Amino acid sequence: MTENRENTLATETKARWDRLAIHYGLVESLSEWYLKPFRKILWARAEGRILEAGAGTGLNIGFYPAEARVTAADLSGAMLRKALESSRENKRN
């Protein structure tokens, strides 16, 4: 019984984030003016191999050092597709 409920919750959560991915850039833009300077500081110090769990639409991708090897993961495939677009725009594959 518990396992079925957990599967249902995971499926519902994934579906919710998949729906939100379409317009999530608008939501992010509201907070990005504040967070962007912190992203620059934080990710400038990253190095080596990076695992970003909950990558969302890939807002951090443009801030990783060029030599970093990044693996992004997210529950939502739609969010990951947005992150992939972002990585291509930032010439990161």
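In this structure, the amide hydrogen of G58, modeled 1.01 Å from its nitrogen in the peptide plane, lies closer than 5 angstrom to no residue at least 5 positions away or on a different chain.
Taking 15 Å as the straight-line reach from the Cα of K40, the aspartates and glutamates in range (excluding those fewer than 8 positions away in the same chain) are E32.
Rounded to the nearest 500, the helix-only mean residue ellipticity at 222 nm of the chain stands at -19500 deg cm²/dmol, with each DSSP H run of n ≥ 4 adding -39,500 (n - 2.57).
Could you give the C-alpha radius of gyration of the chain expressed as a fraction of 2.2 N^0.38 Å, taking N as the number of residues it contains? Normalised Rg, Cα atoms only: 1.21. Placing unit charges on the Cβ atoms of the charged side chains and taking the dipole of the chain about its Cα centre, the candidate lying farthest along the positive direction among L84, F63, H23 is F63.
About the Cα centre of the chain, how large is the charge dipole given +1 on each Lys and Arg Cβ and -1 on each Asp and Glu Cβ? Please answer in debye to the nearest 20. It comes to approximately 280 debye.
Residues in segment 47-89 average 59 Å² of solvent-accessible surface per residue, probe 1.4 Å, ligands and nucleic acids excluded. Helix 77-89 and the longest principal axis of the C-alpha atoms of the chain enclose an angle of approximately 10°.
Note that segment 40-93 carries a Kirkwood radius of 11.0 Å, evaluated over its alpha carbons pair by pair. Were the residues from N4 through L26 laid out at 0.36 nm apart, the gain over their Cα-Cα distance would be 4.5 nm. Among L51, L75, L59, which one moves the most in a GNM of the chain with springs linking Cα atoms closer than 10 Å? Comparing L51, L75, L59 in a Gaussian network model of the chain, the most mobile one is L51.
How many percent of the alpha carbon pairs in segment 21-70 exceed a separation of 16 Å?
Roughly 43 percent, once rounded to a whole number.
Put simply, the amide H of E52, placed in the peptide plane, has neighbours under 5 Å in T71, A72, A73, leaving out anything fewer than 5 places away on its chain.
A 1.4 Å probe over all protein chains sorts E67, E32, E12 by accessible area into E67, E12, E32, starting with the largest.
The values are calculated or read from the model by the stated rules, or taken from the named source; none is laboratory data. In this text, all values refer to a predicted model and were calculated from it rather than measured experimentally. Ideal geometry is used to build each Cβ from the backbone, glycine not excepted, and the neighbour counts take in all protein chains shown. Just the protein is used for accessible areas: all its heavy atoms, side chains included, with ligands, DNA and RNA removed. Shrake-Rupley method; radii C 1.70, N 1.55, O 1.52, S 1.80 Å.
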